[in-house]
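Novice: This is the structure, below, for whatever I ask next.
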Amino acid sequence: MKSLLAILALLAAAPLVAQDRPTPPAEQPAADEGLTGSVSDESDWQDLGIAIPGFATDADVATPASSGGTAALGKELARVITSDLRDNGLFLPVGPDVLPQPTYPEITAPAFPTWKSRNADMLVHGYVQGMADGRLTVGCYLYDVALQSELVRGGWVVTPADWRRAAHKCADLVYSRLSGESPFFDSKIAYIAETGPKDHRVKRLAIMDSDGANHRFITSGAAMALTPRYSPDYSKLLYLSYLNGNPRIFVYDIGTGTQRLVAQSSNPTFAPRWSPDGKTILYSMAIAGNTDIYRVSTMGGAVTRLTDGPGIDIGGSFSPDGSRIVFESDRSGSQQVYMMNADGTDQRRITFFGGRAATPEWSPRGDQIAFTHMVGNFRIAVMSPSGDNLRYLTNSWQDEAPTWAPNGRIIQFFRTERNTGRTGLYQVDLTGRNLRRLKTPVDASDPAWGPVLP
Amino acid sequence: MKRQLTLGILMASALALAACQTKAPEELPPPPAPAATPEPAPLPSGPTPGSQADFASQMSGRDVIYFDTDRYNVDAEDQAALQLQAQWLQRYPAKRATLEGHCDERGTRDYNLALGERRANAAKAYLVSLGVDGSRLTTISYGKERPVALGSNEEAWAQNRRAVTITID
């Protein structure tokens, strides 16, 4: 935790500023004009061929980030960027293993004719330098090959342990510049790892980077863990645990490895959620069988009960500005999605699609709500916050629990296989076209995607 | 079919008994009475009265009640089962019990946790209405996490929508 904070502070202070870092020689002035029009349309930018050769290094020095030193690390960085783009169905990336390795001076003066002959529309160049204190400086440049001009550049100082973050930052830079969308690669996911037979699944809390790297189990599986949520600053996890036998929500501090109960009550608590600013926690608590939604400050203190009907009111997801909450209730007789102000006032139903509607999650952009629609099968769908414009993104036997990418363009969820009960994490973009399964060490459910790291 | 088989075995054992006797009786022996048959009589090593094993054996399946999809009402069949449970609990007033609420897999996770809690509480409320002290009963929901029937079909789901009473030894 402390080291992460240090890095964040460093990143905030040093990076992204070209003059702060040792720049490779023979740097050309950037001509950063004239390309935005050609990449604003999704269908056009999706087809861009992007060459991502290995990053160069000025001096091949040893680093804990790679057994091969900074030269080998340069290639690894390019591989991570290539995977980020390829795995998310973005562009047509070609990675360093099939491309010539540029020299260090070429990073700022690309051999454009070479890349043109390889039919690359875009070119990503970069470098990695080992610093005297052991940290790494990574530079990232995006060039338009036809125009032979630089579109954008970025630079980051990272500890060796965090080298992948520099690659994700570079992928984010490329993606944002070419698509016009907000970044999302440099983010993390909390989820539940599942093993064992269907009638006695072992469920463990786990975390990983958005690309599945840096995977880590948080709990041992001795107590069943469910429904995690990452705090917006990634320092904590809310989740449900059957520790001591009863289902209760805990807040787990990743830095210290300690946890505490969110609600001091003999009643069961479920469905924990953070507010976007991380200052408020929503939870649902059953009293004598009746479940309602409560809110409490992360610091503790007074608890506010937001719902008080006889039905099951559960879950809740804040609008990005924190003013409203979309939640789930069966007060009408079946699960439906409702909206209320953050203080619990003005509660009204917004889903009238037939079937049942559950697990609403407000997009970080605010423009859409993802949810699980159940009419026979369980499907991931989106709608506008008014409850209009229903659109299905998946069609399978049982897909549930959508969670948004930090840029509001991609949704993750989990899929359960009929009969076997096997589960896996999937993601789909808002077009519904790019559906893929995420790689996890074992079966997986209950994904929760956090924001982009600063 | 099964009855015939049992009869066959009984007759065979009667013959065996007859063969062991040293003298022929003056009268024909009476037909083998039920008392004389080696029925699987309760063994002396049966469940200890008042134990969870005793409860489960006495209830013979009625330690579990079942619910319709998304429902938590206690119907007539459930009431009969809970009455039997209540009788046992009143016979052993020192015993406590946990009521587990479960759901089928065709529900979202959070909702099923709340629904399981509802079902466990519906069973508890009925036991309390029959005179069982509520302080002896605790509830816990497992949502859809602990199915007993493993298929993905109506029959399996019906078995999984349940409230299970487990007494605490």
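Novice: Can you pull out every residue in region A:97-113 that is closer than 17 Å to A:L147 by Cβ and in contact with a His (Cβ under 7 Å, 6 or more places away or on another chain)? Show your work before the answer.
Specialist: Here is the first cut: in region A:97-113, the residues closer than 17 Å to A:L147 by Cβ are A:108-113.
Scanning region A:97-113 gives a single hit, A:P110.
Novice: If A:G245 passes every condition in (1) under 29 Å from B:S152 (Cβ atoms); (2) modelled with pLDDT of 95 or more; (3) not β-branched (V, I, T) but one, which one does it miss?
Specialist: Condition not satisfied by A:G245: (2).
Novice: Please determine whether any residue of region A:422-441 is within 14 Å of another protein chain (Cβ to nearest Cβ) and in a loop (DSSP other than H, G, I, E, B).
Specialist: Yes, that holds for at least one residue.
Novice: Can you tell me which residues in region A:264-298 are away from chain B (no Cβ under 11 Å) and part of a strand (DSSP E or B)?
Specialist: Restricting attention to region A:264-298, the residues satisfying the condition of being away from chain B (no Cβ under 11 Å) are A:264-265, A:274-282, A:294-298.
Once the filter is applied, which keeps residues that are away from chain B (no Cβ under 11 Å) and part of a strand (DSSP E or B), region A:264-298 yields A:W274, A:T280, A:I281, A:L282, A:Y294, A:R295, A:V296, A:S297.
Novice: Out of the strands (runs of 3 or more DSSP E) lying entirely within region A:148-260, which hold 2 or more residues that are among the basic types (K, R)?
Specialist: A:202-209
Novice: How many residues are within 8 Å of chain A (Cβ to nearest Cβ), surrounded by 17 or more Cβ atoms within 10 Å (Cβ to Cβ) and not small (G, A, S) when one looks only at region B:143-166?
Specialist: Total satisfying the criteria: 3.
Novice: Can you spot a residue in region A:103-114 that is more than 21 Å from A:A56 (Cβ to Cβ) and either assigned by TED's automatic domain parsing to the domain that holds A:A72 or among the hydroxyl-bearing types (S, T, Y) (or both)?
Specialist: Taking region A:103-114 and keeping what is more than 21 Å from A:A56 (Cβ to Cβ), we get none.
Looking through region A:103-114, none of the residues is more than 21 Å from A:A56 (Cβ to Cβ) and either assigned by TED's automatic domain parsing to the domain that holds A:A72 or among the hydroxyl-bearing types (S, T, Y) (or both).
Novice: List pairs: first in region A:202-216 and within 14 Å of chain B (Cβ to nearest Cβ), second charged (D, E, K, R) and surrounded by 15 or more Cβ atoms within 10 Å (Cβ to Cβ), Cβ under 9 Å, 6+ apart or cross-chain?
Specialist: A:V202/A:E194; A:K203/A:E194; A:K203/A:D446; A:K203/B:E145; A:R204/A:E194
Novice: Now a separate question. Taking region A:299-322 as the region of interest, how many residues are modelled with pLDDT under 95 and under 29 Å from the mean Cα position of the chain (by Cα)?
Specialist: Matching residues across region A:299-322 total 2.
Novice: If you don't mind, there's one more thing I want to ask. Within region B:65-121, restricting attention to residues that are within 11 Å of chain A (Cβ to nearest Cβ) and among the aromatic types (F, W, Y), which residue is nearest to the chain's Cα centre (by Cα)?
Specialist: Ranking the qualifying residues of region B:65-121, first place goes to B:Y72.
Novice: Now for a separate question. Can you find, within region A:255-290, the residue that is nearest to the chain's Cα centre (by Cα) among those that are without any contact (Cβ under 8 Å) to a residue 12 or more places away in the chain and closer than 22 Å to A:E328 by Cα?
Specialist: A:G289
The values are calculated or read from the model by the stated rules, or taken from the named source; none is laboratory data. For clarity, every value in this text was computed on a predicted model and none was experimentally measured. All Cβ positions, even for glycine, are placed from backbone atoms using ideal geometry, and neighbour counts span all protein chains on display.
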